[in-house]
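The values are calculated or read from the model by the stated rules, or taken from the named source; none is laboratory data. Because the structure is a prediction, the values reported are computed rather than measured. Please note: Cβ atoms are built from the backbone with ideal geometry, for glycine as well, and neighbour counts cover all protein chains shown.
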Protein chains: 2
Amino acid sequence: MKKDENGQMALEDLVILDLTRVLAGPFCTMMLADLGARVIKIEIPGTGDDTRQYPPFRQLKNGRESLYFANINRNKRGVTLNLKTEKGREIFKKLALRADVVIENYRPGVMEKLGLGYEEVLQKLNPRLIYAAISGFGSYGPYKNRPGYDILAQAMGGMMAITGPAGGGPTRAGSALGDILGGLHGAIGILAAIHARTRTGKGQRVDISLMDCVIAATENTAIKYLESGVIPPRMGNRYASVSPYDAFCCRDGMLIIAAGNQKLFEKLCRDILKRPELIADARFTDMPGRLKNQDDLQKIIEDFLKDYTVAEAEKLLLENGIPAGPILDISQILENEQVKAREMFQEMDHPTLGRMTVNGCAVKLADTRPRIRRAAPALGQDNEEVFGALGYGREAILALAGEKII
Amino acid sequence: MKKDENGQMALEDLVILDLTRVLAGPFCTMMLADLGARVIKIEIPGTGDDTRQYPPFRQLKNGRESLYFANINRNKRGVTLNLKTEKGREIFKKLALRADVVIENYRPGVMEKLGLGYEEVLQKLNPRLIYAAISGFGSYGPYKNRPGYDILAQAMGGMMAITGPAGGGPTRAGSALGDILGGLHGAIGILAAIHARTRTGKGQRVDISLMDCVIAATENTAIKYLESGVIPPRMGNRYASVSPYDAFCCRDGMLIIAAGNQKLFEKLCRDILKRPELIADARFTDMPGRLKNQDDLQKIIEDFLKDYTVAEAEKLLLENGIPAGPILDISQILENEQVKAREMFQEMDHPTLGRMTVNGCAVKLADTRPRIRRAAPALGQDNEEVFGALGYGREAILALAGEKII
């Protein structure tokens, strides 16, 4: 992909006021910032985003600092503002007047209680403003006031029920997947609303529920259940529709083989296992048969693989056009040539943390490339720039800080 | 959220030519279609999308039909077109001249071989056209030609390595998560490119790799490893940063409790367990202590919960402001009041399948609501409408069908 380090960025004309904390909201605004939006992260004076206290930390001379926060909040400007004060709300309204998007992940109703509700106040102030809220269960429905955390979304959205070893218990995906899915859906909602605004001239509310997003990610689970009456069971690394499609034991570890269709299965039998008779074996003639008899099939494949290392088997299968690959841990991913070519991790300099690695952006746009261009902000770092642009002079800003409004 | 069934839709002015098959691409265009885009799904004459042959099926008088396909392809128009013929490519170019987006999930290089490469042909034809490609490993980098399947993205992107019971093997998330993440990133990339076009007047290439998207979804795994040198282990339902935050045994099943901070932990000890002395217990005074001693903490909590059903314990915890919830399977999710209020499943009529349920859209836009408004197309169903608009009369269309071009 061609380099264009000084070119335009896709969202560079958008101003986003970001009240979000922890992960779902900050992941959403991270993506928008990576794509060029001017994201102004608004934090509580004195303490800031909870994740400033989340591990992993780097020990510095005068205390420890969070790499978690620094990773997810790069590319954002940072200001402090106390919305529980009248002056704080006044300043927020001035910012909202000039913004394209306000995004928050409070529990529903918090902004209304502050006198900053969208329909009542902000939209009237700035009809072009888009208002995005990300919460555990969304801003409407009987669960709207329930507290939401990633693990609850994974549990109540149905992902845990279908994840885990066959015969074992429900299992959480190993990252905060509900938050990530919420952030991605939030970005889609915001960008769709921005596009609608080009025709309507008006902003609107974008409402994201982590539970909804996890349900969406379980794709065809509901129709499988509705049509069969059978609750889809946990099945380890297997997949209900395709076989062989699993992790298989080699001499020194596991290899994924995904022979997704009849042609690939026949190739596997003929060119790899050297057992063409399996193609006509009554147990394996079609996909339903292979699914029913996959224990037998696994035994045959693993009996072959026991003489090969993962690397040898992977090479052999790929040379014969059969989809295969290893299970990589993060140490291997960081060293992987493809991951490097795709810039999925990037080193950057941070003013206090020093040299550090951050995640790259997975949305690769050829001409308006996502770019890491700013370190995550220190608490209130950009107060002077952002509030200065509203007309507050240096002394006024010092006074606001003295009053703990910023 | 207010009803606006006949209102505008966010993306109603966008025309998307959709060459994608199976799940990642079709999930992407499903979201764009749900938000209003005019998606024209282009399939191979005679056979169509592979998923027309994927279970679950509904048995009909004259054969079986796939509900998998019908779910993911609602809201799309369907035409057939053989791009391996000169006439087929001519028609495709005519469509591309009037489209905003072309999206495909072939292996990289296929469109170039057909003489329909973006940079060489399509962009020159229509400089405003956006070209999105979703593939296993992306269109550049040393792995670009490797075959990609969801399970390979989950394995090579690091999600499997961190998912699974403590001490157990790497585990695949129970849905085709790599495909879903690829589809979501694709939608963000397309909408960002659409926005950039409002300023530049030009389309561009959007390049999505399923492996990249899974890596992005592992969020802070890399920085945890880089800072500690320790590969993050699988830990069942636990989370490395917070405790108690897990699934706990009640009398009749498991309950999720997420006491995400000090205040919630103190509430749990005082108001639920009625054991305020635990707050000062040396093992549990702060989060690092609770993480280190979470087996002890689990025992204490489960010793309390053994007298409660999941429903009783959930009620008690929520009344006291402590985040908690059950692990729901799909039968419970379909009956859930919140899920119904959010319209995460909707019934619709399909011309051949009859009454069926499809997934709802998790991007809730208040004024330009996502809507299910068309059943998934029969193969070539909209040939007359779509090719008719290019100037092909009824006879010409019959002739094209006779030549197996459409």
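Let's see how each residue does on (1) more than 20 Å from B:Q53 (Cβ to Cβ); (2) away from every other protein chain (no Cβ under 14 Å); (3) at pLDDT below 95; (4) buried (at least 20 other Cβ atoms within 10 Å of the Cβ):
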{"site": "A:A240", "(1), (2), (3), (4)": "no, no, yes, no"}
{"site": "A:P244", "(1), (2), (3), (4)": "no, no, no, yes"}
{"site": "A:C269", "(1), (2), (3), (4)": "yes, yes, no, yes"}
{"site": "A:I279", "(1), (2), (3), (4)": "no, yes, no, no"}
{"site": "A:P288", "(1), (2), (3), (4)": "no, no, yes, no"}
{"site": "A:D303", "(1), (2), (3), (4)": "yes, yes, no, no"}
{"site": "A:Y308", "(1), (2), (3), (4)": "yes, yes, no, no"}
{"site": "A:A311", "(1), (2), (3), (4)": "yes, no, no, no"}
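Restricting the stretch B:343-359 to residues that are crowded, with 16+ Cβ neighbours inside 10 Å and more than 8 Å from chain A (Cβ to nearest Cβ), the residue that is nearest to A:I190 (Cα to Cα) is B:E343.
In the stretch B:43-58, what residues are among the aliphatic types (A, V, I, L, M) and touching a strand residue (DSSP E or B) at 6+ places or on another chain (Cβ under 6 Å)? Passing the criteria: none in range.
If you go through the stretch B:1-21 and keep only what is at pLDDT 95 or above and at the interface with chain A (Cβ under 10 Å from one of its Cβ atoms), you end up with B:M9, B:A10, B:L11, B:E12, B:D13, B:L14. Reported count of residues in the stretch B:332-342, each being part of a loop (DSSP other than H, G, I, E, B) and either surrounded by fewer than 17 Cβ atoms within 10 Å (Cβ to Cβ) or touching a helix residue (DSSP H, G or I) at 6+ places or on another chain (Cβ under 6 Å) (or both), is 1. Against the numbered list (1) more than 7 Å from chain A (Cβ to nearest Cβ); (2) within 25 Å of the chain's Cα centre (by Cα); (3) charged (D, E, K, R), B:R251 comes up short only at (2).
The set of residues from the stretch A:21-64 being β-branched (V, I, T) and within 21 Å of A:N383 (Cβ to Cβ) comprises A:T29, A:V39, A:I40, A:I42, A:I44, A:T47, A:T51.
So for the stretch B:226-234 (the condition being buried (at least 23 other Cβ atoms within 10 Å of the Cβ), small (G, A, S) and either at the interface with another protein chain (Cβ under 7 Å from one of its Cβ atoms) or within 21 Å of the chain's Cα centre (by Cα) (or both)), does at least one residue qualify? No, the stretch B:226-234 has no match at all.
With a requirement of 3 or more residues that are within 30 Å of B:R355 (Cβ to Cβ) and touching a residue at least 24 places away in the same chain (Cβ under 8 Å), the strands (runs of 3 or more DSSP E) lying completely within the stretch B:22-107 that satisfy it span B:38-43, B:76-80.
Taken across the stretch A:179-196, residues that are at the interface with chain B (Cβ under 7 Å from one of its Cβ atoms), more than 20 Å from A:D18 (Cα to Cα) and of a type in the set (A, V, I, L, M, F, W, C) do occur, with at least one present. For the structure I just gave you, tell me whether B:L264 is assigned to a helix (DSSP H, G or I) and either within 8 Å of another protein chain (Cβ to nearest Cβ) or within 19 Å of A:V22 (Cα to Cα) (or both). Considered against the rule, which asks whether it is assigned to a helix (DSSP H, G or I) and either within 8 Å of another protein chain (Cβ to nearest Cβ) or within 19 Å of A:V22 (Cα to Cα) (or both), B:L264 comes out as yes. For A:R251, are the conditions met, namely being under 25 Å from A:A324 (Cα atoms) and either without any contact (Cβ under 8 Å) to a residue 60 or more places away in the chain or of a type outside the set (S, T, Y) (or both)? Considered against the rule, which asks whether it is under 25 Å from A:A324 (Cα atoms) and either without any contact (Cβ under 8 Å) to a residue 60 or more places away in the chain or of a type outside the set (S, T, Y) (or both), A:R251 comes out as yes. Checking each residue in the stretch B:196-219 for being more than 17 Å from B:K124 (Cα to Cα), over 21 Å from the mean Cα position of the chain (by Cα) and surrounded by 24 or more Cβ atoms within 10 Å (Cβ to Cβ) picks out only B:A196.
For A:K299, the requirement of being within 13 Å of chain B (Cβ to nearest Cβ) and in a helix (DSSP H, G or I) is not met.
When A:G138 is tested against (1) more than 30 Å from B:A193 (Cβ to Cβ); (2) touching a strand residue (DSSP E or B) at 6+ places or on another chain (Cβ under 8 Å); (3) part of a loop (DSSP other than H, G, I, E, B), exactly one condition is not met: (1).
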